[in-house]
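Shown next, in structure tokens, is the structure this report addresses.
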Amino acid sequence: MSRLYFRISWGLTLTFLHFRIQSVDLLPDFIGFWMAASALGELGKREQAFRIARRFAIPLIFLSLPNEINLGGSPVTDQPFSFFWFSLGLVNSAFLLAFIYYLCTGIISAAARSSLPELAQSAHIHRSAFLAVTGATLILSPLALNMPEAWQYLLIALGIIGFLSGISIILLLRRAGQLLGPLEPDPDLRESILSGEDKNT
């Protein structure tokens, strides 16, 4: 089970870190979300929240494709502005917010099941911080189009805080991978292999 959490953490590392040569991102976001979705497919066998998180990770694979060549403009940069790509960026952020919410909710549930209250509390704090920062960014981004330039620096500050919050989610996943036990099938899945177990007894 720990390898699954570590796989998601490495996937999110690709999505939160960006190293570009000219306009091409050398750490593809879509690969990161693909890694997360594949791991959540296994983790979802125990926690419903992980299954829901996977439903948001899959569209993010495609929504993040424009990030690879830095398409679209931003209200806080000198790049040419495109309303379409700006709107697509907001949709991407909304899906990311929902993805992180259910990802952390799954960790909270798994930690409670494994009697790890400190891990559950840590996941709750990290989830609340990420939602607050990302939610504020989603609200202020459209307003920034008509804001004075000085106000636009608030979005830059939120972007920095959001990046740090994303790094904290990666560290949370690594801690979850260290503390949570092996993956076990649901009771209904055990019934499907019951006959095989009887043969061995």
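The values are calculated or read from the model by the stated rules, or taken from the named source; none is laboratory data. The model shown is predicted, which means the values in this text are computed figures rather than measured ones. Methodologically, a virtual Cβ is constructed for each residue, glycine included, from the backbone with ideal geometry; neighbour enumeration extends over all protein chains shown. Heads up: the accessible areas ignore ligands, DNA and RNA and are worked out on the full protein's heavy atoms, side chains in. Shrake-Rupley method; radii C 1.70, N 1.55, O 1.52, S 1.80 Å.
Solvent exposure of region 103-166 amounts to 53 Å² per residue of accessible area, where only protein heavy atoms count and the probe is 1.4 Å. The accessible surface of region 88-127, taken with every protein chain in place and a 1.4 Å probe, is 62 percent carbon and sulfur. Computed extension gain for ALA136 through LEU65, at 0.36 nm per residue and net of the alpha carbon distance, reaches 23.2 nm. Modelled spin labels at TYR153 and ARG51, positioned 7 Å past Cα toward Cβ, are 4.9 nm from each other.
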